[in-house]
């Protein structure tokens, strides 16, 4: 199995899972210690919005989302704006998700800009020709790597 890129784009659903579940939170911490985690400003906003919608009060969960997002570099949307139409077309033509959704074009465009793999629970990126990781596969690869301070 190939190693992930030195920067990995984080989908909003990873942050939401970290806040709402038990397994993804530790995965974010491990990944952040091994690679540079990056997301779009739009994905960061989406994560907080979804966490708020899924919870009653939401204040504790929003705080937890903010803590996870502190480990992730948030890139302004304008940095990759020129590639958005091309990324949307690529996602629309990808057969894996079978829904033609272009909602995550910002993440694919950001991945292209940074030459970074994508970490997502969605299948939307399969079939785009761009590397994407599930949490289990990413953790498996990262666990096999020596820690950065031992290299």
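The values are calculated or read from the model by the stated rules, or taken from the named source; none is laboratory data. Keep in mind it's a predicted model, so treat the numbers as computed, not measured. Heads up, the Cβs are rebuilt from the backbone with ideal geometry, glycines too, and the neighbour counts pull from every protein chain shown.
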- Which condition breaks for residue 127 when tested against (1) in contact with a strand residue (DSSP E or B) (Cβ under 8 Å, 6 or more places away or on another chain); (2) at positive phi; (3) surrounded by 14 or more Cβ atoms within 10 Å (Cβ to Cβ)? (1)
- Tell me, yes or no, whether segment 12-31 has at least one residue that is more than 15 Å from the chain's Cα centre (by Cα), within 20 Å of residue 140 (Cα to Cα) and in contact (Cβ under 8 Å) with a residue 12 or more places away in the chain. yes
- Query: Somewhere in segment 47-69, is a residue modelled with pLDDT of 95 or more, within 27 Å of residue 20 (Cα to Cα) and within 14 Å of the chain's Cα centre (by Cα)?
  - Reply: no
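A quick yes/no check of all residues on (1) surrounded by 14 or more Cβ atoms within 10 Å (Cβ to Cβ); (2) part of a helix (DSSP H, G or I):
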site: 5; (1), (2): yes, no
site: 15; (1), (2): yes, yes
site: 43; (1), (2): yes, yes
site: 74; (1), (2): yes, no
site: 82; (1), (2): no, yes
site: 107; (1), (2): yes, yes
site: 110; (1), (2): yes, yes
- Looking at residue 60, is it part of a helix (DSSP H, G or I) and without any contact (Cβ under 8 Å) to a residue 24 or more places away in the chain? yes
